[in-house]
Amino acid sequence: MEKKSKLVCLLGTLAILISLLAPTEGLTAGKPSITIHNIIDLTGAYAPIAIPSEKGGKDYLAWIAEKGGLDVDGDGKGDVEVKYTWAEFGNVDARFMSAYKRFRMGTPKPTIIEMWSSPNQEMMKPILERDGIVCYGIGFSDPQLYPPAWNYMDCWSYGESAAGAIEYYIDNLWPKKGTGAKAKVAHLTWDSAYGRAANEPTKRHGEKTGKYEVVAERFCTMMPTDPEIMGFLSDFEKRGVDIIWSNSIVQTPAVIMKGIHKLGLAGKMVHMANLWAPADLLLDIVGPGSAEGYMCPQPVYVPAADPNEPGVKFAKMLNDKYRKDPAMPNIQYMRGIRMKANMLESVRRALLGIMKRDNVDLAKACDRITGKDVKELGIQTLAGYAAHDTTVKAQSAPSGKDDRRLANHDRLIGVKGGKVVALSPWYKVPRLVPDDMIKQGLFKDEKINIHYEVVK
């Protein structure tokens, strides 16, 4: 009986995943097709953020299918069927590599693969270059960005986002602003390539700007407990820490925020985390009392704070039409739409480029499209693309031939008065490429801004 119950549970879980991710067919029969791929973590540590992201992406693909496919020529009618092939890797490296090998050896050969793992994306960098496949990365660690690279990232680097948020807070929101004091920053994060991704860049940024100093780096377990975090917070209080940064996902900042309020440290130190710990999800987890004062930069419009923005209305339309989930759209749903929209826009531009370059029709362009085409004719040209207004039009990355980012603007989002609010205008994040690479002549067609720059 117990075995039967377990089997029923497993089958139920499988049914949910299939309903979430199975390709949606619309009025696309008989049309040429293209395929996009995804290696995603829906059952491991990243599930709380990956699932709502994929809901947004899946609903966007359903909308594309209902319109008759991808509109390549801009006449409002679908021209190309979009096929979607995915694999779930549960945050297990061996499963990730197995999925990649299966995709690479399959038909059609992938041109662009969405990937959910900074460590694996870093490991894949030379392999992707060898295989001529574009990575649409959902992990944003700095090393994978540096040329030569077929790794592109959905946003800026973790270090750039952290530096921009910290500097903006010090200049505009810090109680000690204008006193000449230098802020003390502590990293409390995971002991992994992903967790440490913002540490070195923020040290470098703090030294260059002179506005803050990283005084401590502490590493917690992936699912930290209250006593574990309390010990770190007590040490930070003794050190006079002003800002705690965490490069993890929402569970870790949730425990940190609970600890800050339990120890009476609210107002003495502020906690910020990267975009994978969105303020709306953290508020749902810990409630308004413990979430108060939390901050997190985001590169998309936020449904709870921006209900009247066109991109939020578009996301609401998708959810109302295809899902009717009362918890959607949230920040991650918005980001999921943008991910798939960016990938398909890259493919669309590549198809147009192939047709013009090779003097062929659309069907032949679909047959011969390669990762190199998507890279050079598509994704490298996305600066200024707002993905159905899910983000600000000021996004201007890639901003040069060596740039592999797909966003370079943020807003600081936080919990204030029990609500999710925007705490800043849109600003361009600092550009934190290593000095030795600039000396080598890389990034010479970009403006290297060391400070954040507010959009006017």
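We did not get these values from a lab; they are worked out from the coordinates using the rules stated. Every value quoted in this text rests on a predicted model; they were computed, and no experiment measured them. Here the Cβ is made from the backbone with ideal geometry for all residues, glycine too, and neighbour counts use every protein chain on show.
Observations on the model:
- J(HN,Hα) series, region 427-438, from Karplus relation 6.51 cos²θ - 1.76 cosθ + 1.60, nearest Hz, glycine and proline x: 9, 7, 6, x, 9, 10, 7, x, 4, 5, 6, 5
- Relative contact order of the chain, defined on C-alpha pairs under 8 angstrom at six or more residues apart (%): 16 percent
- Rounded to the nearest 10 degrees, the angle from helix 47-66 to the longest Cα principal axis of the chain is 30 degrees.
- Links that overshoot a 27 Å alpha carbon limit, given the list Lys208/Lys393; Lys262/Lys416; Lys55/Lys109: Lys208/Lys393
- If R0 is 45 Å, the Cβ-Cβ spacing of Val454 and Val92 corresponds to a FRET efficiency of close to 0.60.
- Shape of region 241-295, Cα gyration tensor, a/c cut at 1.5: oblate
- Residues with amide H under 5 Å from that of Arg196, placed H, sequence gap 5 or more: none
- Karplus-derived HN-Hα couplings along region 350-367 (A = 6.51, B = -1.76, C = 1.60, θ = phi - 60°), whole Hz, x at Gly and Pro: 5, 4, 4, x, 5, 4, 6, 5, 9, 6, 10, 7, 5, 4, 5, 4, 5, 5
- For region 333-341, 3J(HN,Hα) computed residue by residue from phi via the Karplus equation (6.51, -1.76, 1.60; θ = phi - 60°) reads 4, 4, 5, x, 4, 5, 4, 5, 5 Hz, glycine and proline entered as x.
- Option label - Cα extents along the principal axes in Å computed here, alternatives (i) 71, 46, 43; (ii) 67, 67, 43; (iii) 97, 42, 41: (ii)
- Selection of trypsin sites (Lys or Arg not before Pro), region 329-422, meeting DSSP coil and at most 15 other Cβ within 10 Å: Lys393, Lys401
- Distant-in-sequence amide contacts of Ser248, defined by a placed amide H-H separation under 5 Å and a gap of 5 or more residues or a different chain, comprise Asn274.
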